[in-house]
């Protein structure tokens, strides 16, 4: 669900911390440093995340004009991952095992040989495939101190938070009933009740 | 206690908030109000999911919260986990699903203002399969195209923010009642009566409204 068109599905994160005076310049350097670097078949990494331009997953040369929209920092959070279909991997592995055993004149592979062969087969298959790609839009409203992340996947949110906090000198706090209450502010008396709060029981057969 | 533990320990408050919105929207016949926003339309539509532990009840329909099954689920101890909501604020109509545990919004549809006229979001876009494989765009879209895209983005964010402010105001009012003496004094008893839903039981919405306004600082709502 993208930020720029269609219906909106997103989770909010509250930004904690002060932004430095040279925030825009520093941020652009950090963003460029962590722009997405596409996966190569021969490298060890099987998954990688990085920034791209919002709405443009293949635009990895990021400039001020495609990141800063007035008071918003807009980015695409792109994750590439190698996914080899199970049946394809099994079939190719079977072929490779048979060829290896015939060459060696043996009947069985050791555990280590099997692992090495699997890696070799996977690398060969990666050259024939493209990594799967997912992109989630992110929009940081600097005035409100809110990041809107256009996905509700906890895994993607965790990866995004890791990259975000490497990039920017602030802390991200996920929105939840607890954190929103803290952001809105409670009086001392409310805080005391809040700390001791227990669920309201409405029914005759409460299941919770 | 760590922040994450505190967050988890208070997830239930989101469900009580959604229950409270459902209760008040029914009591006040689909018209809620806050000091900052005045009156606006607010009701549950299309879908509601109630759960307790692994027991889940999903109800779909034009007005799912009005079904007998929904109230029976409450009586069995389930609370709303998510609900489809319609908000009618000034000239804007908005639909979305509110997820109680995280307060996240999904499927929020806004009417976009493009080229000076109102246009429904997504209308006129070709299906994804007709767009062909992704292609690297030439650098720098035409200036007019870029400006229009930026304008549309600001418009969407502005309206999203307005809705968020509305929900935050509702949550703040809920917290003021939930964390004050009002909860035990009249909100919880009224909720229980509403939840029991006995036929012939008339809920005193005017009396509730008056007590509610007094509890929230005597601020008169329009």
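The values are calculated or read from the model by the stated rules, or taken from the named source; none is laboratory data. Bear in mind that the values here come from a model prediction, so they are computed numbers and not experimental data. In this analysis, Cβ positions are derived from the backbone assuming ideal geometry, glycine residues included, and neighbour counts consider all displayed protein chains.
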Q. Can we say residue B:213 is modelled with pLDDT of 75 or more, away from chain A (no Cβ under 13 Å), surrounded by fewer than 17 Cβ atoms within 10 Å (Cβ to Cβ) and part of a helix (DSSP H, G or I)?
A. yes
**Q.** All positions within region A:57-69 that are assigned to a helix (DSSP H, G or I) and touching a residue at least 12 places away in the same chain (Cβ under 8 Å)
**A.** A:64, A:66
Q. Out of A:179, A:193, which single residue is in a helix (DSSP H, G or I), in contact with a helix residue (DSSP H, G or I) (Cβ under 7 Å, 6 or more places away or on another chain) and either within 12 Å of chain B (Cβ to nearest Cβ) or at pLDDT 95 or above (or both)?
A. A:179
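To keep it simple, each residue is scored yes or no on (1) more than 27 Å from residue A:39 (Cβ to Cβ); (2) free of Cβ contacts under 8 Å to residues at least 12 places away in the same chain.
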site: A:103; (1), (2): yes, yes
site: A:111; (1), (2): yes, yes
site: A:119; (1), (2): no, yes
site: A:142; (1), (2): yes, no
site: A:146; (1), (2): yes, no
site: A:150; (1), (2): no, no
site: A:160; (1), (2): no, no
site: A:174; (1), (2): yes, no
site: A:191; (1), (2): yes, yes
Q.
Could you list, ordered by first residue, the pairs with Cβ atoms under 9 Å in which the first is in region B:49-71 and more than 14 Å from chain A (Cβ to nearest Cβ) and touching a residue at least 12 places away in the same chain (Cβ under 8 Å) and the second is in a strand (DSSP E or B) and loosely packed, with under 13 Cβ neighbours inside 10 Å, at least 6 apart or interchain?
A. B:49/B:56
Q) So, of the residues in region A:153-168 that are more than 11 Å from the chain's Cα centre (by Cα) and surrounded by 15 or more Cβ atoms within 10 Å (Cβ to Cβ), which turns out to be nearest to residue A:42 (Cα to Cα)? A) A:167
(Q) Only one of A:33, A:4, A:46, A:62 is away from chain B (no Cβ under 11 Å) and at pLDDT below 95. Can you tell me which? (A) A:46
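Okay, residues lined up against (1) in a strand (DSSP E or B); (2) touching a strand residue (DSSP E or B) at 6+ places or on another chain (Cβ under 6 Å); (3) at pLDDT below 90; (4) surrounded by 20 or more Cβ atoms within 10 Å (Cβ to Cβ):
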residue	(1), (2), (3), (4)
B:57	yes, yes, no, no
B:65	no, yes, yes, yes
B:86	yes, yes, no, no
B:105	yes, yes, no, yes
Q. Within region A:70-116, which residues are in a helix (DSSP H, G or I) and more than 37 Å from the chain's Cα centre (by Cα)?
A. A:98, A:99, A:100, A:101, A:102, A:103, A:104
Q. Here are B:178, B:156, B:172: which of them is closer than 22 Å to residue B:77 by Cα, within 20 Å of the chain's Cα centre (by Cα) and modelled with pLDDT of 90 or more?
A. B:178
**Q.** Residue check for residue B:97: within 12 Å of another protein chain (Cβ to nearest Cβ), within 23 Å of residue B:156 (Cα to Cα) and not in a helix (DSSP H, G or I)
**A.** yes
